[in-house]
Amino acid sequence: MEFSDRLSNLRQLLGQSARQPVEDERLLQLYWNRAELKKELSRLQDERHKLIEQLNKHEATFARNSEQLLQLEEFLGNPETGPHGLVYFQLRALWRASSAKVARFAQQLQQQQADREQRRQVLEFDRARRQQLADFDRRIAAARSRADMLEAQLKLQETKLEKMRGFWNYARRRRLAEEIAAEREQWDLAATEVTDLSDDRIALEEKAPPALQGISVDGRRIVNTAVIAYAQQLVVAMSAGGLAVLAKETITKRVFDMKYGTREDCSRLMTLLREALAIVKNEKDDLSGLKERTDALRAVAAYRSDADTVPLTDSIGTLPVPVAPVSGLETGNKAGVNVLVDDYWDLYQALLQ
């Protein structure tokens, strides 16, 4: 074989060996790309299945709602059952309006209590700060007096040192200079104390009152008992015709299951409901008697522990409220309503825990 042929073969081998790592890198990159694509495909398939499940659930919900809407249309469109539906939804409206009213009342009381406690905290902070500032003033005055006294002594000693002349006073000047150095050190300490105390006093004077970290347990009890009394008062105000009890029933029963007597009974209830809704939606609350009811409630309220803020249900007692004859009882019967047990007007959502 010619030398040139062997050289050509060698170059080919070298070229193949140079290309081999590049091809390996390409194959490895293709492998990883394929693995990533498979992972992405699996993720997309899972997401597709979840979307299909959600779509099926939405379709089933839509079908149920459509069926219920059709039933409701037939129920309201029926002259025999329509009046009962109207009473039912007006009772629901009364419940929602009363719940919103209790929630607003609770928020107002919570803000008022927080403001009171914040003001009390600021007053206590200011009182303590005044006492600390007075203490700083006494300490600064004492430190300044000591510094002034040491400064006066230094000036006298320095004047005395200047008057000592002659070699025969060498030893006395040396002792006096040492005394002056010691007194100057004492004066430096006293002057530093005055500066430090003054800086601390300024920092204390500029310190802002701390923010309220939350309403106290006693404060939350005050708010909660007032809100419970307010809920009780609303129950009493809605007791005509048993509206409070009937409104409560709409939370747990369907419209199709409720009957409110004859057509005349339904008309009478709707008249009472209009009056009741007007009372609830009136921006000006009639709070007459609320303080007495609240004070009476606080006198008997008991708690499970010192940290609890909601009274035990048994301790607040029950309210005798008339029950409408449509509830299955005779006219004039009364039900014992415990606003906490029965969670009237969504009371627990309004209470501070």
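If you check 307, 301, 350, 324, which single one turns out to be of a type outside the set (S, T, N, Q) and modelled with pLDDT under 90? Working first, answer last.
On the way: 307 fails: modelled with pLDDT under 90; 301 fails: modelled with pLDDT under 90; 350 fails: modelled with pLDDT under 90.
Matching residue, one of 307, 301, 350, 324: 324.
Does the range 283-294 include one or more residues that are touching a helix residue (DSSP H, G or I) at 6+ places or on another chain (Cβ under 7 Å) and modelled with pLDDT of 90 or more?
Yes, the range 283-294 has at least one match.
Could you look through the range 272-283, keep only residues that are within 12 Å of residue 101 (Cβ to Cβ) and of a type outside the set (A, V, I, L, M), and pick out the one that is most open to solvent (accessible area, probe 1.4 Å)?
Looking only at the range 272-283, we keep the residues that are within 12 Å of residue 101 (Cβ to Cβ), and these are 276-277, 279-283.
Checking the rest, the ones that are also of a type outside the set (A, V, I, L, M) come to 281-283.
Details: 281: 135, 282: 78, 283: 159 Å².
Result: 283.
Among the listed residues 231, 244, which satisfies the condition of being in contact (Cβ under 8 Å) with a residue 40 or more places away in the chain and more than 29 Å from the chain's Cα centre (by Cα)?
Numbers: 231 fails: more than 29 Å from the chain's Cα centre (by Cα).
Being in contact (Cβ under 8 Å) with a residue 40 or more places away in the chain and more than 29 Å from the chain's Cα centre (by Cα) holds for just one of 231, 244, which is 244.
Residue 57: of a type in the set (Lys, Arg), in a helix (DSSP H, G or I) and open to solvent by less than 30 Å² (accessible area, probe 1.4 Å), yes or no? Break it down into steps so the answer makes sense when it comes.
Numbers: of a type in the set (Lys, Arg): yes; in a helix (DSSP H, G or I): yes; open to solvent by less than 30 Å² (accessible area, probe 1.4 Å): no.
Answer is no for this residue.
Could you grab me the full set of residues in the range 116-135 that are touching a residue at least 40 places away in the same chain (Cβ under 8 Å) and hydrophobic (A, V, I, L, M, F, W, C)?
Going through the range 116-135, the residues touching a residue at least 40 places away in the same chain (Cβ under 8 Å) turn out to be 116-118, 121-122, 125-126, 129, 132-133.
Selection gives 122, 125, 133.
Out of the helices (runs of 4 or more DSSP H) lying entirely within the range 155-264, which hold 3 or more residues that are under 30 Å from residue 139 (Cα atoms) and at pLDDT 85 or above? Even if it seems obvious, please write down each step before you answer.
Values: elements: 170-206, 217-237, 243-252.
Here the list reads 170-206.
Give the range 115-164 a look and list any residue that's exposed (fewer than 12 other Cβ atoms within 10 Å of the Cβ) and β-branched (Val, Ile, Thr), or say none.
159
Which ones in the range 60-74 are open to solvent by less than 80 Å² (accessible area, probe 1.4 Å), over 38 Å from the mean Cα position of the chain (by Cα) and aliphatic (A, V, I, L, M)?
63, 72
Which condition number does residue 219 fail, the rest of (1) touching a helix residue (DSSP H, G or I) at 6+ places or on another chain (Cβ under 7 Å); (2) open to solvent by 10 Å² or more (accessible area, probe 1.4 Å) being met?
Condition (2) is where residue 219 drops out.
Can we say residue 91 is modelled with pLDDT of 90 or more, part of a helix (DSSP H, G or I), touching a Ser or Thr at 6+ places or on another chain (Cβ under 7 Å) and open to solvent by less than 80 Å² (accessible area, probe 1.4 Å)? Talk me through it step by step, then tell me what you get.
Numbers: modelled with pLDDT of 90 or more: yes; part of a helix (DSSP H, G or I): yes; touching a Ser or Thr at 6+ places or on another chain (Cβ under 7 Å): yes; open to solvent by less than 80 Å² (accessible area, probe 1.4 Å): yes.
Here the answer is yes, as residue 91 does meet what is asked.
The values are calculated or read from the model by the stated rules, or taken from the named source; none is laboratory data. These figures come from a predicted structure and were not determined experimentally. Virtual Cβ from ideal backbone geometry, glycine too; neighbours counted across all protein chains shown. Areas reflect the complete protein model, heavy atoms only, side chains present, ligands, DNA and RNA absent. Shrake-Rupley method; radii C 1.70, N 1.55, O 1.52, S 1.80 Å.
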